[in-house]
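The values are calculated or read from the model by the stated rules, or taken from the named source; none is laboratory data. What you are looking at is a predicted structure, and each value in this text was computed from that prediction instead of being measured. Using ideal geometry, Cβ is built from the backbone for each residue, glycine included, and neighbour counts are taken over all protein chains shown. Quick note on the areas: whole protein, heavy atoms, side chains included, nothing else; ligands and nucleic acids left out. Shrake-Rupley method; radii C 1.70, N 1.55, O 1.52, S 1.80 Å.
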Amino acid sequence: MEYRHLGRAGIQVSELSFGSWVTFHTQADVDAAVEMMAAAYDAGVNFFDNAEVYASGKSEEVMGAALKQLGWRRSSYLVSTKIYWGVHDKVNERNTLNRKRLIEGINGSLERLGLEYVDIFYCHRPDKTTPIEETVWAMHNIIEWGRAMYWGTSEWSAAEIVSALEIAERHHLHKPITEQPIYNLFERHRFSSEYERVYRDYGYGTTTWSPLASGLLTGKYSQGIPEGSRGTLKGYDWLHDHLTDKDKLSMVEALEPIARELDCTLSQLSLAWCLKNPYVSTVITGASRVEQVHENMKAIEVAPKLTPEVLERIDAIFGVRQADEEE
Ligand SMILES: NC(=O)c1ccc[n+]([C@@H]2O[C@H](COP(=O)([O-])OP(=O)(O)OC[C@H]3O[C@@H](n4cnc5c(N)ncnc54)[C@H](OP(=O)(O)O)[C@@H]3O)[C@@H](O)[C@H]2O)c1
């Protein structure tokens, strides 16, 4: 495993990391979480991602209980959480990054995780109604109080990120250091065209999500939605159109010969493709069982096999226009 700086920040993250969305509490209990986190940690993963909204706080509880059992030295790993949607439905408690919500939110997350601090605290989405300045001050205070080491954004626009950076610069506050954007073979346009300048010009890091497009890039949806997969879970019907999209499925099928030539699985190839982007600080992987973790961690061995010629063949399958990459 290699470790990459999170943008210009001093902290380093393993190039593959591990997140708990969908899985913890819903598919994985504490024992399964312990098993998967241990497999990831043993492979060199040092960053574990979570969010308040995942399973309405239960995902943080499962990760907290797993960390307690695992008993790792606190300085040997990083944990993140994210806030925006909230777990209650009243005004000021949902879809906001106001000062009250962020401060009450981090306190609740720390209690569920059983930790004194998280390493990265994210604003899970932008909030169009709270002044960015209010959010930046609250995040600064949370860091000053020692409840988070760093803060970041997730799915903010480049303009919103730059605004936060400039407010922090003007008032000598802690700046956000990283964005958490989606990035996979199907979803690459925003990363390359909109964000790349923020990464390049401001040294912003990236912790990227859904590298397998919720499992579609593993190839297991080629004959329909298989039993026991994310596509069968209650509450995830909104994923069905994506997981059964004929165009996308035919692109995945076209990747198979390349995976065979490189002697790897489709999951490993798709994860390795994410790793090749120098603006990716870490690829957050997800898994519902430990075998998937073992398989996915081997993607680091596949990345060096992705030569410019192989990458061009992959681009041809996914119909990448030259202009997309150059924008
Ligand atoms: N910031 C955000 O807004 C945001 C949004 C989403 C995710 N995230 C973060 O990113 C992490 C990863 O996202 P994701 O879970 O969507 O990642 P993903 O890699 O796109 O999908 C992971 C899912 O694919 C299936 N899978 C993984 N490896 C497999 C393998 N080798 N063989 C067969 N199936 C496999 C598993 O689901 P099944 O076995 O159940 O089919 C697994 O849970 C999350 O845990 C979270 O931390 C952040």
Carbon/sulfur accessible area of the chain, % of total, 1.4 Å probe, equals 48 percent
The range 38-99: relative contact order from alpha carbon pairs under 8 Å, six or more residues apart, as a whole percent, is 35 percent
By the C-alpha gyration tensor axes a ≥ b ≥ c (rounded if a/c is under 1.5, else prolate when a/b exceeds b/c, else oblate), the shape of the range 1-119 is oblate
Log entry: pair-distance distribution for the chain, C-alpha pairs binned every 20 Å from zero, whole % per bin is 32, 60, 8
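So how much slack lies between H294 and E253, counting 0.36 nm per residue of separation and subtracting their Cα-Cα distance, in nm?
Separation in residues times 0.36 nm, less the Cα-Cα distance, equals 12.5 nm.
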Between the alpha carbon centres of the range 1-48 and the range 230-298 the gap in Å comes to 17 Å
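Count neighbours as other Cβ atoms within 10 Å of each site's Cβ, and list the GluC sites (Glu not before Pro) in the range 209-268 that are DSSP loop with at most 16 such neighbours.
Loop-located and lightly packed - E227.
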Counting only DSSP beta bridges with both partners in the range 1-159, the antiparallel fraction in percent, to the nearest 5, comes to 15 percent
Note on the range 162-217: contact order normalised by length, alpha-carbon pairs under 8 Å, 6 or more apart, percent, works out to 38 percent
Computed over the chain: longest principal axis from alpha-carbon atoms vs helix 99-113 long axis, angle to nearest 10 degrees, is 60 degrees
So the FRET efficiency between E227 and Q12, C-beta based with R0 = 41 Å and rounded to 0.05, is 0.55
Using alpha-carbon positions, the gyration tensor of the range 238-327 gives root eigenvalues a ≥ b ≥ c; with a/c under 1.5 called rounded, otherwise prolate if a/b exceeds b/c, else oblate, the class is rounded
So the angle from the long Cα axis of helix 266-275 to the longest Cα principal axis of the chain, reported in degrees to the nearest 10, equals 50 degrees
Here the FRET efficiency for E35 versus K90, based on Cβ atoms and R0 = 45 Å and rounded to 0.05, is 0.75
Straight-line reach check, K246, cutoff 30 Å on alpha carbons, 8 or more apart in-chain or any other chain, hits among lysines -> K220, K234, K276, K298, K305
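Go ahead and estimate [θ] at 222 nm for the chain from helices alone: -39,500 (n - 2.57) per DSSP H run with n ≥ 4, summed, over the residue count, rounded to 500.
Helices in the chain give a 222 nm mean residue ellipticity of -12000 deg cm²/dmol.
Given contacts defined as C-alpha pairs under 8 Å and at least six residues apart, what's the relative contact order of the chain, whole-number percent? List each step's numbers first, then the result.
Details: 579 pairs, mean separation 60.5, N = 327.
So the answer I get is 19 percent.
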Using alpha carbon centers only, the range 206-220 is separated from the range 103-177 by a whole-angstrom value of 26 Å
Helix 132-144 sits off the longest principal axis of the Cα atoms of the chain, rounded to the nearest 10 on a 0 to 90 degree scale, by 80 degrees
The chain: antiparallel bridges as % of DSSP beta bridges, rounded to 5, reads 10 percent
With the 1.4 Å probe rolled over protein heavy atoms, the chain has an accessible area per residue in Å² of 45 Å²
Trypsin sites (Lys or Arg not before Pro) in the range 165-261 lying in a DSSP loop, each with at most 11 other Cβ atoms within 10 Å of its Cβ, come to K234
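What order, most packed first, do the peptides 239-245, 117-123, 71-77 have when packing is the mean number of other Cβ atoms within 10 Å of each residue?
117-123, 239-245, 71-77
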